[in-house]
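A.B. asks: Handing you this structure, nothing more for now.
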C-alpha cells in the first residue's frame, strides 16, 4: 500500500473509531500515537498541522494539502509514522492487517532495513 494512503486511512479510522462509544481505549491510544508521530514531522508548519486536523472532518478539501505535507516533511517515509499507522489499522481491521493489506515496502524509508542484512548508521 502507498504510505500516504495508509496514513490518511489511519487518521480517518482513528478519528471515527477512536472516540466515543464506537472506539476502544486501544484505538484511541493508537490514534494519539499516530498523530504525535505525524506532528513531530510537522513541527513549525502550521499549515501541515491544520491539514492533519481538518482532514478528518473534510477529507475532500484537505487531502491534497495533507498529501503534499506528508511527502514534503518526510512523514510518508518515516518508519515510526508508518508503523503507528499500521498499528492503528491492525486494531480497526485485524483481518486486513493479517492479509497484508497495510503492508508498505519502502527500502528508502528512514530507519527501514533493506533487502538482506539490516542497515545501521554504524559501520
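The values are calculated or read from the model by the stated rules, or taken from the named source; none is laboratory data. In this text the structure is predicted, and so the values were computed from the model without any measurement. Cβ coordinates were reconstructed from backbone atoms using ideal geometry, including for glycine residues, and neighbour counts include every protein chain displayed.
A.B. asks: Restricted to the stretch 79-101, and to residues that are free of Cβ contacts under 8 Å to residues at least 60 places away in the same chain and touching a helix residue (DSSP H, G or I) at 6+ places or on another chain (Cβ under 6 Å), which residue is surrounded by the most Cβ atoms within 10 Å (Cβ to Cβ)? Write out each step before concluding.
C.D. replies: Quick first cut of the stretch 79-101, residues free of Cβ contacts under 8 Å to residues at least 60 places away in the same chain only: 79-80, 83, 87, 90, 94-100.
So of that shortlist, the ones also touching a helix residue (DSSP H, G or I) at 6+ places or on another chain (Cβ under 6 Å) come out as 80, 87, 90, 97.
On the way: 80: 17, 87: 19, 90: 17, 97: 17.
Ranking the qualifying residues of the stretch 79-101, first place goes to 87.
Rundown of residues vs (1) within 12 Å of the chain's Cα centre (by Cα); (2) under 24 Å from residue 94 (Cα atoms), yes/no style:
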residue	(1), (2)
2	yes, yes
12	yes, yes
17	no, yes
38	yes, yes
42	no, no
47	no, no
50	no, no
64	no, no
73	no, no
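A.B. asks: Can you find a residue that is farther than 19 Å from residue 104 by Cβ, assigned to a helix (DSSP H, G or I), modelled with pLDDT of 95 or more and in contact with a helix residue (DSSP H, G or I) (Cβ under 7 Å, 6 or more places away or on another chain) anywhere in the stretch 21-32?
C.D. replies: No, the stretch 21-32 has no match at all.
A.B. asks: Return the residues of the stretch 41-54 that are in contact (Cβ under 8 Å) with a residue 40 or more places away in the chain and either more than 16 Å from residue 67 (Cα to Cα) or surrounded by fewer than 21 Cβ atoms within 10 Å (Cβ to Cβ) (or both); say none if nothing qualifies.
C.D. replies: Applying the first criterion (in contact (Cβ under 8 Å) with a residue 40 or more places away in the chain) to the stretch 41-54 yields 41, 52.
Listed by number, the list holds a single entry, 41.
A.B. asks: State yes or no: is residue 71 surrounded by fewer than 14 Cβ atoms within 10 Å (Cβ to Cβ), in contact with a helix residue (DSSP H, G or I) (Cβ under 8 Å, 6 or more places away or on another chain), modelled with pLDDT of 95 or more and under 15 Å from residue 5 (Cβ atoms)? Spell out how you get there, then give the answer.
C.D. replies: Values: surrounded by fewer than 14 Cβ atoms within 10 Å (Cβ to Cβ): yes; in contact with a helix residue (DSSP H, G or I) (Cβ under 8 Å, 6 or more places away or on another chain): yes; modelled with pLDDT of 95 or more: yes; under 15 Å from residue 5 (Cβ atoms): yes.
So residue 71 passes the test.
A.B. asks: Let me ask something else about it. Does residue 49 fit the bill of being closer than 18 Å to residue 96 by Cβ and modelled with pLDDT of 95 or more? It would help to see each step written out before you state the result.
C.D. replies: Values: closer than 18 Å to residue 96 by Cβ: no; modelled with pLDDT of 95 or more: yes.
So residue 49 fails the test.
A.B. asks: Is it true that residue 38 is buried (at least 20 other Cβ atoms within 10 Å of the Cβ) and in a helix (DSSP H, G or I)? Before you say what the answer is, go through the steps one by one.
C.D. replies: Details: buried (at least 20 other Cβ atoms within 10 Å of the Cβ): yes; in a helix (DSSP H, G or I): yes.
It is true that residue 38 is buried (at least 20 other Cβ atoms within 10 Å of the Cβ) and in a helix (DSSP H, G or I).
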